Amino acid sequence: MPPSKSPDLSADTLEKSLLSLIERTTWDIPADVDKAIVQATKVEEAGTNGHAALEEIGQAIDRARLTKTILGSDPVALHFTVDGPVDLDRPAFEAAARSAAHAAAAEGWIRTPMIDLPSGKPRRGQDFGVIPTVRFRESDGGIRVHLWMRGPGEVGIASVATIPSPIAPGEPTIEGAGRVAVHAIHETQGRSGGPGIVGVHIGADPIEGFAHAADQILRPVGSKNPQRALTKVEEKITLDASQLGVGPQGLGGRTTILAAHLSVSEVPKDRWTVSVLMSSWACRRQSITLDKGGAIATWDSALAETSYRTPREPEV
C-alpha cells in the first residue's frame, strides 16, 4: 500500500487559516481584477456614465482596502475549492470551513442572516449565517484553497442553454456556444454588477457545467486558456460583449465584462449544453497555499499595500 500523501493537518490551525481567507476576501479585491478595472477605466471616455461608474468602483476598492471593511454587498454564498492529494482529510476541511464561516459571522465579516424554509424562522446555533460549500479537486502539488465569495447579484446571474438553438442554429460549434454566452451577457443588462468575469462551460450536463464554469471564474484575468483552440473564442466573446453597449453597471459603455473564460468537456454529437456564470466587479476571490500543518504558507495575490490607486505612481 503506498504511503499517505495527506498532511498532518491541525484542526485549529486550518480553521484559523480559512477564517483569515474569508476575512481578507471580504475587503481585498484580487490583483488581476483590480488591474483589469484600472485598464477599463482608461478605455471608457471621460464624462460618460461608464467612466463615472468605474471611477466610483475604483474608489470603493481603495476604501475597502484602506479601512479593511466589506467590499460590495454582504455575501450570501461562500464557495471553497480545495486542490490536494487524493487522500486529503475532506471531512476535516468541511468542518473547518463551517467553523470558520461561523466565526466570521460572529466577528461581523459575514452579516447575512439565513432562515429556514418553509418556516421562515432565523437559523440559530453553530450553523448561523452563510453555510459554505466545499469542493475538492485532486492535485499532486500540495494543498491550495480557493474561495469565491458571492453576493446576491452574482447568485442570481446564471444561465443554461442547449444548442442548436435560434441563437446558434445548425450543427453545434464552439463559436455557436460563444454566441449563446454573449446572448446571456446581453440579457443581464448589468444586473450582475458588472464588469466582471464570465465563466462558460460547454458540456453534457448543467450540474457538471456550472461547477466547471465556476473554475473559470477562478482563472486570473488575462491568463491564457490551457486549450489554445478556445483562446480565440474567449477573445471574441469579450469583444462582442464590449460592443453590446451595456457597459459598467448597465449604464452604457465599452466595458461590459472584464474577460470571458471557457472550458469544455465531452458532449453528445448533436446537442450541447452551455452553462454560464458571471461574477460582479467585486470579484471577491482569493487563493492560498497551506503548509503541512494547515497554516497559510503563501497568498496568490499581493497584499493591499500594492494597490493600483493608493498611493498612485507618478506619471512620467
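The values are calculated or read from the model by the stated rules, or taken from the named source; none is laboratory data. Keep in mind that this is a model prediction, so the values were computed, not measured. Because the Cβ atoms are built from the backbone with ideal geometry, glycine has one as well, and the counts that use them run over all protein chains shown. Ligands, DNA and RNA are stripped out before the accessible areas are found, and what is left, the full protein with its side chains, is counted by its heavy atoms. Shrake-Rupley method; radii C 1.70, N 1.55, O 1.52, S 1.80 Å.
Structure notes:
- Of all residues in the range 173-200, those that are in a loop (DSSP other than H, G, I, E, B) and surrounded by fewer than 22 Cβ atoms within 10 Å (Cβ to Cβ) total 4.
- Residue selected from the range 126-136 under the condition open to solvent by 50 Å² or more (accessible area, probe 1.4 Å), of a type outside the set (Asp, Glu) and part of a loop (DSSP other than H, G, I, E, B), by the criterion modelled with the lowest pLDDT: Gln126
- Residue check for Leu88: closer than 17 Å to Val145 by Cβ and outside any loop (DSSP other than H, G, I, E, B): no
- When Lys42, Lys121 are checked against the criterion of being free of Cβ contacts under 8 Å to residues at least 12 places away in the same chain, open to solvent by 40 Å² or more (accessible area, probe 1.4 Å) and farther than 23 Å from Gly194 by Cα, a single residue qualifies: Lys121.
- Matching residues in the range 45-96 - criterion: being open to solvent by 40 Å² or more (accessible area, probe 1.4 Å), of a type in the set (Val, Ile, Thr) and in contact with a Phe, Trp or Tyr (Cβ under 7 Å, 6 or more places away or on another chain): Thr69
- Meets criteria (modelled with pLDDT under 90 and either open to solvent by less than 10 Å² (accessible area, probe 1.4 Å) or not basic (Lys, Arg) (or both)) for Thr255: no
- When residues in the range 137-147 are screened for being in a strand (DSSP E or B) and either surrounded by 14 or more Cβ atoms within 10 Å (Cβ to Cβ) or free of Cβ contacts under 8 Å to residues at least 24 places away in the same chain (or both), 5 of them pass.
Residues are listed down the side, and each one gets a yes or a no for (1) of a type in the set (A, V, I, L, M); (2) over 22 Å from Trp299 (Cα atoms); (3) not in a helix (DSSP H, G or I):
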| residue | (1), (2), (3) |
| --- | --- |
| Leu14 | yes, no, no |
| Ser20 | no, no, no |
| Asp34 | no, no, no |
| Thr41 | no, yes, no |
| Gly50 | no, yes, no |
| Arg65 | no, no, no |
| Thr69 | no, no, yes |
| Asp83 | no, no, yes |
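- Subset of the range 220-230 (residues that are on the phi < 0 side of the Ramachandran plot and open to solvent by 30 Å² or more (accessible area, probe 1.4 Å)): Pro220, Val221, Ser223, Lys224, Pro226, Gln227, Arg228, Ala229
- Failed condition for Ile207, given (1) over 23 Å from Asn49 (Cβ atoms); (2) at pLDDT 95 or above: (2)
- Residue pairs whose Cβ atoms lie under 8 Å apart, sitting 6 or more positions apart in sequence or on different chains, and linking a residue in the range 50-65 that is closer than 24 Å to Gly245 by Cβ to a partner that is acidic (Asp, Glu) and surrounded by 15 or more Cβ atoms within 10 Å (Cβ to Cβ), are Gly50/Glu44; His51/Glu44; Leu54/Glu44.
- Checked against (1) touching a Ser or Thr at 6+ places or on another chain (Cβ under 8 Å); (2) closer than 25 Å to Ala297 by Cβ; (3) open to solvent by 40 Å² or more (accessible area, probe 1.4 Å); (4) part of a loop (DSSP other than H, G, I, E, B), Asp8 passes all but condition (1).
- Output for the range 231-252, where each listed residue is part of a loop (DSSP other than H, G, I, E, B), of a type outside the set (A, V, I, L, M, F, W, C) and open to solvent by 10 Å² or more (accessible area, probe 1.4 Å): Gln243, Gly245, Gly252
- Residue in the range 201-214 that is farthest from Trp272 (Cα to Cα), counting only those that are open to solvent by 10 Å² or more (accessible area, probe 1.4 Å) and not in a helix (DSSP H, G or I): Asp205
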